[in-house]
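Structure below; questions to follow.
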Amino acid sequence: MTCGYGSPRTPLPNEVDVAIVGGGIMGLSTAYHLARQSYLRIAVIEASYLAAGASGRNGGGVRMQWSDPDNVELMMESLRICRGLTQELGINTWFRQGGYLFLARTEAQAEQLEANAVMHRSLGAPTRLVSADAARDIVPELDTSGVVVASFNPMDAVVFPWPFLWGYAARATAMGVAVRTHTPVERIEPATATYHLHLASGERLEADTVVMATGAYGHRLNRTLGIELPNRPHRHEILSTAPLKPFFDPLVVDLSTGLYASQSTRGEVVAGVTMGAPDFHARADEIDLSSSLAFLERIGRALTRVFPRLGGVSVLRQWAGPYDFSPDGDPIVGPSPGHPKVIQMCGFTGHGFMMGPAVGRIVARYIATGESHRLLERWSPSRFADGGVRKRREVMIIG
Ligand SMILES: Cc1cc2nc3c(=O)[nH]c(=O)nc-3n(C[C@H](O)[C@H](O)[C@H](O)COP(=O)(O)OP(=O)(O)OC[C@H]3O[C@@H](n4cnc5c(N)ncnc54)[C@H](O)[C@@H]3O)c2cc1C
């Protein structure tokens, strides 16, 4: 029996044109777009349930406020797609466009927001700088002491991540994609012009093209092909509070602490905070998803500094998921060195969910037609071959 959201019992053919490993936002968005524009035989193989990875654990923030013009343009496109997805996929994604409000407390942060706003407007994104007082007009309960300036973009949004996965999976299934869950791919073996995927179930799947949409979890499987990538997992914690009467619309980011907080339609405040930088010497396949008291302490301070009224609120739930860091902050997407038919999609740090709808389309087009995209050049897995890493300055919420 098969089910629209994938099932451990979905029958798999012996051969497909494209095998997608990983049923997170990247794998499922790619499968959906590929099925829409081609007659290729496609299978998605997920080790666990569909929302098991970072795609089921994230804050659902979707913004066009970036420091890099390529990212702004990508996210303008992704937001456009997200806005129509409830209708396109036939499932409520709880897309709510309350904006993002970034708070700067230092001159350097203020300069960055100012430069961003100028660049955003030149690209057609309606970001504007607002004074601390004007920020309080947008979020009346904000404590803005120490805030130099803020930036606001009313088109930025928050979504509920799970329906994205269910919607993409259901639509892909309806178009003939086999979505198999609870089936780890243990090993990939190159054959003549194809690849053999060995599944934990004992089955073997032959594929012309393999998409590694395995997020932070791909190292062990990549190594079976001799592929080593420099991305590293890093635990990122997050919480939701008991529900409160709605009192703010935008997702608020405090650049000094890395705090981000939004209020869901049920009234819960969903928030995370920077805990520390990633360790690029850490083991690539050890992923810590425990919850810590240190996080509760730090977020308690950061959250009540911005929203003093949250001092007495109860925490309903605390959890963690893997951020997937690449050394230069850019994702790692495209053909693998030495294996051009193995397409990587990883290294999305803490913003892969918002990019997934647009990136899945770009990768699907590349597989279906061979048409490249400037981001595929920039994000190429081969860029690390000479050991060189160029860092870029970006508005990121790290660790
Ligand atoms: C706490 C937290 C908050 C975040 N907040 C935001 C946010 O607000 N906005 C935003 O845009 N992003 C956010 N992110 C980042 C975002 O969630 C990720 O960048 C994105 O979900 C990555 O998607 P993915 O499909 O690449 O990986 P995943 O969702 O991790 O999917 C990879 C899948 O591959 C499967 N897999 C791995 N190995 C195998 C194998 N061998 N065989 C079969 N299957 C395999 C895994 O089980 C997993 O389901 C956040 C992340 C975290 C952890």
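The values are calculated or read from the model by the stated rules, or taken from the named source; none is laboratory data. Keep in mind that what you see is a predicted model, and the values were worked out from it rather than measured. Cβ sites come from the backbone with ideal geometry, for glycine too, and all protein chains shown count toward neighbours. Protein only, heavy atoms only, side chains kept; ligands, DNA and RNA dropped before computing areas. Shrake-Rupley method; radii C 1.70, N 1.55, O 1.52, S 1.80 Å.
Taking the Cα centroid of segment 153-218 and of segment 288-326, what is the distance between the two, rounded to the nearest whole Å?
So the two Cα centres are separated by 31 Å.
Right, here's the next one. How would TRP94, TRP162, TRP319, TRP66 rank on accessible area, largest to smallest, probe 1.4 Å? Don't jump to the answer; show the numbers that get you there.
Details: TRP94 120, TRP162 90, TRP319 40, TRP66 0 Å².
From most accessible down to least: TRP94, TRP162, TRP319, TRP66.
Quick one: grab the alpha carbon gyration tensor of segment 1-41, order the square roots of its eigenvalues as a ≥ b ≥ c, and give me rounded if a/c is under 1.5, else prolate or oblate depending on whether a/b is larger than b/c.
Taking the square roots of the gyration eigenvalues as a ≥ b ≥ c, segment 1-41 is oblate.
Probe 1.4 Å, all protein chains in place: accessible area of TYR217 in Å², nearest 10?
110 Å²
Using a 1.4 angstrom probe on the protein heavy atoms only, could you order LYS341, LYS245 from most to least accessible area?
LYS245, LYS341
Sticking with this structure for a sec: Net charge near ALA294, counting Lys/Arg +1 and Asp/Glu -1 over other residues with Cβ under 12 Å of its Cβ? Display every interim value, and only then the final one.
Details: positive: ARG235, ARG298, ARG301; negative: GLU237, GLU297.
Summing Lys/Arg as +1 and Asp/Glu as -1 gives +1.
Write down the accessible area per residue of the chain in Å², having rolled a 1.4 Å probe over the full set of protein chains. Walk me through the numbers on the way to the answer.
On the way: 16090 Å² over 399 residues.
That works out to 40 Å² for each residue.
Let me ask something additional. Can you pull the one-decimal nm distance between simple spin-label points at ARG283 and GLU377, each 7 Å off the Cα toward Cβ?
Output for this residue pair reads 4.0 nm.
Still on this structure, I have one more. Using alpha-carbon positions, what is the distance between the centroids of segment 1-60 and segment 73-131, in Å?
For segment 1-60 versus segment 73-131, the Cα centre distance is 29 Å.
If you don't mind, there's one more thing I want to ask. Calculate one ³J(HN,Hα) per residue across segment 163-176 by plugging θ = phi - 60° into the Karplus curve 6.51 cos²θ - 1.76 cosθ + 1.60, and present them in order as whole Hz with x for glycine and proline.
Along segment 163-176, the couplings run x, 4, 5, 4, x, 4, 5, 5, 5, 5, 4, 4, 8, x Hz.
Right, another one. Could you check what % of the DSSP bridge pairs in the chain are antiparallel, to the nearest 5?
Bridges in the chain are about 70 percent antiparallel.
When the accessible area of the chain is computed with all protein chains present and a 1.4 Å probe, what percentage of it is carbon and sulfur?
52 percent
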